[in-house]
Structure formats: structure tokens, C-alpha cells
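Below: the structure, in C-alpha cells.
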Amino acid sequence: MGENLPQMLKTLVIATLFLAANAHATPQEAERIRRSYKLSAETWALKYQLATSPAAKQTLVTSRPDPAEAAKELWSNIAPSLKEDWTIPYAAYFLDLTRNLTVTNAENVTSAAFTAERGRVLAIFTENHLKKPGIAPFCIALADSGAPKSLSLLEKIITENPDKPTQGVAALCASMLLKSLGDAPEVMKKRLTYLRTAIIQASDQIIGGTSVADIATDELYVIRYLSKGRIAPDLSGTDVARRVIRLSDLKGKIVILLFWDAKSAETDKIIGLTNQLAMKYDGKPVAILGITPEAQVRIRALQADGSIKWNNIIDPTDKLAAEYKVASRPAVLVLNEKGAIEYSGLPGSFVELTVDALLTGDAAGK
């Protein structure tokens with residue numbers, strides 16, 4: 001017995017450490033983390049909306065709740081238990097929370113944050129949860145995540161998951177992901193097939209307060225009116241000088257149409273990228289037009305001091321965003337000189353590449 005005592009103590013210590021490491025790995029703790037961050041983010045957004053001066057708003061910008069900290073706390077809770085069913089909605093929330101987060105290293109190189117953790121979530125999900133019911137939240141997170149494997153995983157869920165509503169939600173998400181692949185006939189055919197599946201099998205499922213049927217209807221509208229090659233619907237509104245701005249008045253120019261707001265953790269980055277475009281295309285037949293629900297006084301001040309170098313239509317009730325079926329911001333459309341859509345998606349290098357190609361085409365044509 002005495003000879004086995006050290007081994008027994010070692011086993012006891014390991015077991016104790018394991019239990020301590022997993023002491024907080026519970027759905028209750030994960031829910032607390034999610035609710036706490038959501039409440040702080042909503043409170044911050046309300047304070048920002050009610051702030052009456054540019055200085056007050058700027059002060060609030062520096063105190064915005066940090067999604068990276070919430071993601072770290074959530075990850076420490078769910079990571080040991082990712083194979084368990086209770087983690088599915090929280091793993092989905094983790095993907096959503098971290099999808100646009102970046103890190104900058106000592107050499108000032110920026111890259112996506114939480115890449116290893118996100119990869120582990122996808123790997124464990126594929127191995128353990130693909131065929132289970134109740135994974136609709138994960139389907140939605142996959143569609144929003146931008147991960148290269150998202151489309152193939154969603155298509156596996158459509159064909160392998162036995163739950164019809166889950167198949168329908170996955171089909172809707174797959175159709176939305178296919179937007180990024182362009183408007184080739186075979187892609188459009190697949191999108192329409194998936195939308196049909198979504199309506200038949202999951203029309204009454206609710207996503208973010210909206211039914212799958214309503215979301216699918218919006219997607220059909222996008223295919224019909226807001227796909228590449230379509231003439232963008234006209235829109236109009238007032239800018240910070242209370243001038244009426246109409247999209248149709250910009251025909252003859254390449255238009256970068258940016259739907260944005262200050263609620264995203266990446267807002268400063270989006271403003272910086274768009275300012276770079278404004279400076280690059282200054283003096284060229286390119287117009288940048290923002291659509292934002294932000295307060296007029298705030299945007300006027302930012303445009304006046306040069307912090308924002310492009311004009312904005314103030315859309316306080318999100319009427320224009322609704323007309324363009326903008327589900328989340330930021331969102332960008334690039335229109336050619338005739339007002340036809342050449343690109344739709346997120347801000348970034350594809351916007352610049354599209355504009356450059358259109359400018360080169362003009363030069364070649366002349």
C-alpha cells in the first residue's frame with residue numbers, strides 16, 4: 001500500500017486539476033457570458049445613440065465593450081466540452097463574435113484573430129454534431145463566418161442531417177453563401193434550388209426574429225434586382241448639409257455604395273479603408289456614398305474635420321437599408337457608370353480591384 005501511495009497521490013492531483021479546469025464549463029456560465037456581453041453592447045449602443053456632442057461620442061468610442069475579451073472568456077468555458085451538445089449554440093455564438101476580429105503583430109501585420117480556436121470548433125462540430133437536430137444556430141454562424149469550409153459543411157447538413165427544418169435552414173444559409181461565388185448560371189440555379197428547399201422545409205423557422213420564408217423572399221428579391229449586372233434600384237435621402245442626394249444623379253461615375261454604422265467593433269477599420277479609397281480615387285470618375293443610421297450631427301462633425309472623407313446619406317430608420325435588403329453591416333455595392341452592379345459584399349480588396357478594373361476598362365475603351 002505504501003509503495004502505491006505516490007501513484008495514488010499523483011492520480012488524485014491530476015483529477016483535481018482536471019475538475020478545477022472544468023469547474024466553470026457549464027451552460028449556465030456560457031449563458032452568463034453571452035448575456036453579459038450582449039447587455040453591455042446594447043447599453044453602449046444606446047449611450048452612443050443618445051450622446052449629443054461629437055466629443056461625447058468620441059469618448060464612448062474608446063469605451064466600447066471588447067468582443068475579444070468576451071470571446072476569450074467564452075472560449076475558456078466551452079473549449080473543454082465542445083463534443084457535448086450543450087455547447088452547440090455557444091460555439092455558434094463564438095464564431096459569430098469572432099468573425100471580424102483581427103490582431104496586429106509586432107511587425108504591424110494584421111491577421112484574423114482566433115483562427116486556431118475557430119478551426120477547432122469547425123473540426124469538432126464536423127466530427128460530432130453534423131447530423132444532430134437543433135443545430136440551426138450553427139448553420140447561421142457558418143454562413144456568417146466566412147470560413148472556407150462553411151459551404152461544404154452546410155451542404156453536408158442538407159444531405160445528411162435527418163431533421164427537415166435543420167436541412168431547410170442549412171439550405172437558406174448555403175444559398176446566402178453562394179452569393180460570393182458570383183452570378184454564373186449554375187450558381188444562380190443552385191441558389192434558387194436551396195431557397196426552394198428552405199421554403200418547403202423550414203418556412204416557419206425563426207432566425208433573428210424573422211421567418212425563413214421572409215428571409216428567402218428577400219433573397220429572391222436580391223437575385224432578381226440586386227445581382228451582378230442588374231441596374232441598382234434608385235435611392236435618395238439627405239446628407240449632412242440637408243441636400244437631397246439621389247443615386248441616379250451619380251450615373252456616369254463608378255459608385256461605391258457603403259452601408260455602415262458605428263456598432264461594429266471594426267468600424268474604425270472600415271472608415272480607414274474607405275478613406276484610403278477616397279484619397280486614391282480623388283479626381284477620378286468615382287463617387288463614394290455612405291448610407292448610415294448614425295446621428296447627422298456626428299457625421300457632419302466627422303466629415304468637417306476630415307475623419308470621414310466621403311459623403312453620407314443619413315438613414316435614421318434604416319429605410320434605405322431595408323430597400324436594399326441589407327441584413328448586416330458593413331455591406332458594399334460597386335456600380336458601373338450605367339448604374340449596374342459589378343460587386344456586392346464586404347469592404348476590402350475586392351472593392352478596390354473591381355473599381356480598378358472598371359477604370360481600366362474606361363481607359364481601354366477610350
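The values are calculated or read from the model by the stated rules, or taken from the named source; none is laboratory data. Just so you know, these numbers come straight off a predicted model, no measurement behind them. Note that we place each Cβ from the backbone using ideal geometry, even for glycine, and neighbour counts take in every protein chain shown.
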- Message: Go through region 107-136 and report how many residues are under 30 Å from Leu273 (Cβ atoms) and either in a helix (DSSP H, G or I) or of a type in the set (Lys, Arg) (or both).
- Response: 8
- Any residue at all in region 237-254 that is under 24 Å from the mean Cα position of the chain (by Cα) and within 22 Å of Ile291 (Cβ to Cβ)? no
- Is it fair to say Ala136 is closer than 16 Å to Ala202 by Cβ and not hydroxyl-bearing (Ser, Thr, Tyr)? yes
- Item | From Pro185, Pro165, residue being closer than 21 Å to Asp214 by Cα, assigned by TED's automatic domain parsing to the domain that holds Asp204 and not basic (Lys, Arg) | Pro165
- Query: For the subset of region 86-106 comprising residues that are in a loop (DSSP other than H, G, I, E, B) and touching a residue at least 60 places away in the same chain (Cβ under 8 Å), which member is farthest from the chain's Cα centre (by Cα)?
  - Reply: Leu101
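Condition check ((1) acidic (Asp, Glu); (2) in contact with a Phe, Trp or Tyr (Cβ under 7 Å, 6 or more places away or on another chain); (3) closer than 30 Å to Gly209 by Cβ) across all residues:
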| position | (1), (2), (3) |
| --- | --- |
| Gly306 | no, no, no |
| Ile314 | no, no, yes |
| Glu323 | yes, no, yes |
| Val326 | no, yes, yes |
| Pro330 | no, yes, yes |
| Leu335 | no, no, no |
| Tyr343 | no, yes, yes |
| Gly348 | no, no, yes |
- Note on the structure: Here, helices (runs of 4 or more DSSP H) confined to region 27-78 with at least 2 residues that are of a type outside the set (Lys, Arg) and closer than 28 Å to Ala304 by Cα are 27-50, 54-61
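Which fully enclosed helices (runs of 4 or more DSSP H) of region 208-305 have 3 or more residues being buried (at least 16 other Cβ atoms within 10 Å of the Cβ) and of a type in the set (Phe, Trp, Tyr)? Show your work before the answer.
Details: elements: 212-225, 267-280, 296-304.
In region 208-305, no matching helices (runs of 4 or more DSSP H) lie anywhere.
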- Tell me which residues, restricted to region 147-179, are in a loop (DSSP other than H, G, I, E, B) and closer than 18 Å to Pro89 by Cα. Ala147, Asn161, Asp163
